[in-house]
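Nothing in this text is a laboratory measurement; each read-out follows from the coordinates by a stated rule. Remember, predicted model here, so these are calculated numbers, not experimental data. Every residue, glycine as well, gets a Cβ built from its backbone with ideal geometry; the counts of neighbours run over all protein chains shown.
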Amino acid sequence: MPDFLVFDRVTKRFGDLTAVDAVSLSVQKGEFFSLLGPSGCGKTTLLRMLGGFETPDAGRIFLDGRDITGLPPNLRRVHTIFQNYALFPNMTVWDNIAFSLQVARYPRSEIRKAVEGMLELIKMADHAFKYPSQISGGQKQRVAIARALVDRPQVLLLDEPLAALDLKLRQHMLLELDIIHDQVGITFVYVTHDQGEAMSLSDRIAVMNQGRIEQLDPPAKIYEAPRSGFVAAFIGDTNFFGGTVTSVEGDYCTLAVNGFADILCFNDKGISAGSPVHLSVRPEKIRVTPTPPPPEKGSRINVFRCKVTDVVYQGIYTKFWLTSGAHRLSAIKPHSRFLLDQATITWGDDVYCWWHPDDGYMLEQFTAADAHLVQMPPAGYSLPKPAAPNGEPAP
């Protein structure tokens, strides 16, 4: 399939700041594509250049084989949805959706058919003659989507469209967006700093950092096989281990880590002995038990003694922070079932943590700054510390 949307070495500067630095990427027709990254990484600037609101200092942008780099916004078949919806407050839902068709002087019968189709798509037919002040935030967002889609643009741009909604409504709108995309088949380019949104919706994700793309892959590959320390830490949470390969046995190698025990890991990069390596291990890959793990025939696992230093209960799982040697680790224990009378692991407990060598992933790139992105326990969310034998709170 030929590339539908192409950024070819696009650069944008604001004074001494390079917001987008020679970015090249391509998007397929009908794809749900996300630009993901922290504030200031360049994702919104990239979106604004695609929409025609900013002009690149270098590079070209192509849409369906046509160079649109210098075209004004009104000559591109590209529509944008912003955080604040930008609905006309003095117009009804119907008139807001019909506006662009009326300006273009479509026949009334075509406008009626198109608007009714959009109202059906967003499930708002019963609210057609209400004003924006009379509908909820989620309904406003759906109207903004319908207004942007009614004249069938080639690309729909969504700039942090769910940021103003509360958690429950965001979760509902994620499902709505996915359904709408599947039904209309239009290319969506979605900008967000929320990893969960991007992972839930996207066919592919471009993770951006300091104006450049760190990794461009499907969500599962970005999470399970991050290229850099930045991607590993920004997408979810992880544990980093840095050390030197001391030996190689077939597909596995042993990593010596200062202040920690040796780690056996899958050597998918073909690293030779003596090479420095950084390893990422996701918290949900690490098991935490009060007793050693059962022996596994024909398989070696990494097992370490640890002490529990913090516990955070999150309903569907409990997160532990552990210390072993000079290292601090995080681990997640899912709750498949809960028994009120079962013993729980808590502060100060000596436990075993363990994971399979296949569950660690060697990183191609790592900087010292990446380690600062690792999540630490949030203040005020810890479980009560166990009481001392005399009944006083433990220190």
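The chain has equivalent-ellipsoid semi-axes of 47, 28, 17 Å, by the square roots of 5 times the alpha carbon gyration tensor eigenvalues, sorted largest first.
Separation of the range 87-112 and the range 231-257, taken as the distance between their Cα centroids, equals 57 angstrom. As I understand it, the value is the acute angle between the Cα axis of helix 93-103 and the longest principal axis of the Cα atoms of the chain; what does it come to in degrees, rounded to 10? Relative to the chain, helix 93-103 is tipped by roughly 60 degrees.
Computed over the chain with a Gaussian network model linking Cα atoms closer than 10 Å, the most mobile of S247, S109, S202 is S109. With both residues required to sit in the chain, DSSP beta bridges show an antiparallel share near 75%. Among M362, M124, M208, the largest mean-square fluctuation in a Gaussian network model of the chain, built with springs joining Cα atoms closer than 10 Å, belongs to M124. Of D359, D151, D126, which is the most mobile in a GNM of the chain whose springs link Cα atoms less than 10 angstrom apart? Judging by the Gaussian network model, the answer is D126.
Please report, to one decimal in angstroms, the Kirkwood hydrodynamic radius of the range 5-224 built from all distinct Cα-Cα pairs. Computed over Cα pairs of the range 5-224, the Kirkwood hydrodynamic radius comes out at 17.9 Å.
Fewest neighbouring Cβ atoms within 10 Å first, the residues L25, L201, L157 line up as L25, L201, L157. Working from label points 7 Å from Cα in the Cα-to-Cβ sense, the A163 to D182 distance is 2.9 nm. In percent, rounded to a whole number, the relative contact order of the chain is 14, using alpha-carbon pairs under 8 Å and six or more apart. Legend: P(r) of the range 194-292 from all alpha carbon pair distances, 5 Å bins from 0, whole percents, reading 2, 11, 19, 19, 18, 14, 11, 5, 1, 0. Between the exposed loop cleavage positions of the chain, defined as GluC sites (Glu not before Pro) in a non-H, G, I, E, B DSSP state with at most 15 neighbouring beta-carbon atoms within 10 angstrom, the longest gap is 1-295.
What number, rounded to the nearest 500 deg cm²/dmol, is the helix-based mean residue ellipticity at 222 nm of the chain, given -39500 (n - 2.57) per DSSP H run of at least four residues and division by all its residues?
Mean residue ellipticity, 222 nm, calculated: -6500 deg cm²/dmol.
The count of lysine pairs in the range 237-373 that are at least 8 places apart or cross chains, and whose C-alpha atoms lie under 24 Å apart, stands at 9. Since only L279, M199, V303 are under comparison, the one whose Cα sits farthest along the positive direction of the charge dipole of the chain, derived from C-beta charges on Lys, Arg, Asp and Glu, is M199.
Helix 108-121 axis versus longest C-alpha principal axis of the chain: approximately 20°, rounded to the nearest ten. Over the range 237-373, all Cα pairs binned in 5 Å intervals from 0 give whole-percent P(r) values of 2, 9, 19, 22, 19, 14, 8, 4, 2, 0, listed from short to long. Taking 20 Å as the straight-line reach from the Cα of K130, the aspartates and glutamates in range (excluding those fewer than 8 positions away in the same chain) are D95, E116, E120.
The angle between the Cα long axis of helix 137-149 and the main principal axis of the chain comes to about 60°, on a 0 to 90 degree scale.
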